[in-house]
Amino acid sequence: MILPVLKILSRVPLSVVHLIAWPLGLLLILIPNRQRHCARINVRICLPHLSVLQRQWIWMRSLIETAKTLLESPRLWLGKPDRVLQLIRKVEGLEAVKQAMKKGRGVIFIAPHLGNWEMIGQFCSHHFPMVLMYRPQKNKELDDIIRRGRERFGAQLVPSTRKGLSLLLKGLRENKSIGVLPDQNPGAGAGVYVPFFGIAANTPVFATRLASRTHAATFIITAERLAFGRGYHLHIEKASECLYDEDVATGAACMNRDMGKIILRRPEQYWWGYNRFRHRPEGEPEIY
């Protein structure tokens, strides 16, 4: 049942997909749900310097952009490969990655949930040998679709476990690129609490741990969504040097600062609906 629906969506132009996403996003705004609850709180506590109206505009637009990401993804998984790559209208920073790959230590791509992060894996695995962490979906049919969609440009998917971490390290030693999602909660006891927009957030450490261990060039990469369904603008930026610090907390805090600066450029395209602060440091009150 899922596959026919996704195939239909994969053939719909992005401009039409975005039109469909607006009413879906409005439903997320109007009907009480977890995404709306988290988005309102996250924007309020992370962006206190903005006015109430500015914050309201950001969290509402963020839910609409979330709907766009949901409806766009079938095209990236199932659409014709050449047409998928044509959706990338501009890329900044690609030459720096090519130069880094020549050094033979691999490349780490850190991809925050901004714009359409699915596009990042497609583009990078088309240009470079790539290893990606992957968390299987509960629905087997959907899992097969996503897995095949992410692998079709040559990416190797590995589990988000210790074994997966060792395979990422192996990939870097073989001069491959790896992709890391840095803003998902790794679970109690699996990360470090460092500031994210000034709020203590349980933050994954494998990106900074791999960077400090291998000295692989590390880049923050985002796929900004262009208006009117015109496609995507990829931004690739070198991570700050402090991310390579041997102290993982220092490196993770550095990574969060880098992400924060990038998110503030297009805050409405960030996934504020995720319960980023689900786990709290001992003694601190719940946020949600």
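Tell me, which residue of the stretch 1-15 that is outside any helix (DSSP H, G or I) and either among the acidic types (Asp, Glu) or surrounded by fewer than 11 Cβ atoms within 10 Å (Cβ to Cβ) (or both) is farthest from the chain's Cα centre (by Cα)? Outline the logic, then answer.
Step one: of the stretch 1-15, the residues outside any helix (DSSP H, G or I) are 1, 12-13.
Checking the rest, the ones that are also either among the acidic types (Asp, Glu) or surrounded by fewer than 11 Cβ atoms within 10 Å (Cβ to Cβ) (or both) come to 1, 13.
On the way: MET1: 27, PRO13: 23 Å.
The extreme case among them is MET1.
Name the one entry in LEU9, LEU3, LEU71 that is under 20 Å from LEU87 (Cβ atoms) and modelled with pLDDT under 95. It would help to see each step written out before you state the result.
Details: LEU3 fails: under 20 Å from LEU87 (Cβ atoms); LEU71 fails: modelled with pLDDT under 95.
Of the residues listed, the single one that is under 20 Å from LEU87 (Cβ atoms) and modelled with pLDDT under 95 is LEU9.
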Inset, instruction - Kindly indicate whether any position in the stretch 85-106 is in contact with a Ser or Thr (Cβ under 7 Å, 6 or more places away or on another chain), surrounded by fewer than 21 Cβ atoms within 10 Å (Cβ to Cβ) and at pLDDT below 95. - result: yes
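Identify, please: which residue in the stretch 263-288 is touching an Asp or Glu at 6+ places or on another chain (Cβ under 7 Å) and outside any loop (DSSP other than H, G, I, E, B) and is, among those, surrounded by the most Cβ atoms within 10 Å (Cβ to Cβ)?
Of all residues in the stretch 263-288, those touching an Asp or Glu at 6+ places or on another chain (Cβ under 7 Å) come to 266, 268-269, 276, 280.
Among the residues that remain, those that are also outside any loop (DSSP other than H, G, I, E, B) are: 268-269.
Values: GLU268: 17, GLN269: 24.
Result: GLN269.
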Legend entry - the stretch 107-117, residues that are over 24 Å from GLU241 (Cβ atoms) and buried (at least 20 other Cβ atoms within 10 Å of the Cβ): HIS113, GLY115, ASN116
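Go through ILE236, ILE220 for me and flag whichever is among the hydrophobic types (A, V, I, L, M, F, W, C), modelled with pLDDT of 95 or more, surrounded by 21 or more Cβ atoms within 10 Å (Cβ to Cβ) and outside any helix (DSSP H, G or I).
Result of the check over ILE236, ILE220: ILE220.
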Legend entry - Selection within the stretch 162-187 - more than 30 Å from ASN42 (Cα to Cα) and surrounded by fewer than 16 Cβ atoms within 10 Å (Cβ to Cβ): LYS163, SER166, LYS170, ARG173, GLU174
Inset, instruction - State whether one or more residues within the stretch 135-146 are buried (at least 20 other Cβ atoms within 10 Å of the Cβ), under 26 Å from ASP258 (Cα atoms) and in contact (Cβ under 8 Å) with a residue 60 or more places away in the chain. - result: no
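With the requirement that a residue be touching a helix residue (DSSP H, G or I) at 6+ places or on another chain (Cβ under 7 Å) and either closer than 13 Å to ASN275 by Cβ or hydroxyl-bearing (Ser, Thr, Tyr) (or both), what does the stretch 18-42 give you?
So the first thing to find is which residues in the stretch 18-42 are touching a helix residue (DSSP H, G or I) at 6+ places or on another chain (Cβ under 7 Å), and the list is 18, 20-22, 24-25, 28-29, 35-36, 39-40.
GLN35, ARG36, ALA39, ARG40 - these are the residues of the stretch 18-42 that are touching a helix residue (DSSP H, G or I) at 6+ places or on another chain (Cβ under 7 Å) and either closer than 13 Å to ASN275 by Cβ or hydroxyl-bearing (Ser, Thr, Tyr) (or both).
For (1) out of contact with any Asp or Glu (no Cβ under 9 Å at 6 or more places or on another chain); (2) assigned to a helix (DSSP H, G or I); (3) within 23 Å of GLY231 (Cβ to Cβ), each residue gets a yes or a no:
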| position | (1), (2), (3) |
| --- | --- |
| ALA39 | yes, yes, no |
| LEU50 | yes, no, no |
| ALA67 | yes, yes, yes |
| TRP77 | no, yes, yes |
| VAL91 | yes, no, yes |
| LYS98 | yes, yes, yes |
| PHE109 | yes, no, yes |
| GLY121 | yes, yes, yes |
Inset, instruction - Output the qualifying pairs, or none if there are none: Cβ atoms under 6 angstrom, residues six or more apart or on different chains, first residue in the stretch 220-233 and of a type in the set (Val, Ile, Thr), second residue buried (at least 18 other Cβ atoms within 10 Å of the Cβ) and in a strand (DSSP E or B). - result: ILE220/ILE110; ILE221/PHE109; ILE221/ILE236; THR222/LEU114; THR222/GLY115; THR222/HIS235
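The values are calculated or read from the model by the stated rules, or taken from the named source; none is laboratory data. None of these values were measured; they are calculated from a predicted model. Cβ coordinates were reconstructed from backbone atoms using ideal geometry, including for glycine residues, and neighbour counts include every protein chain displayed.
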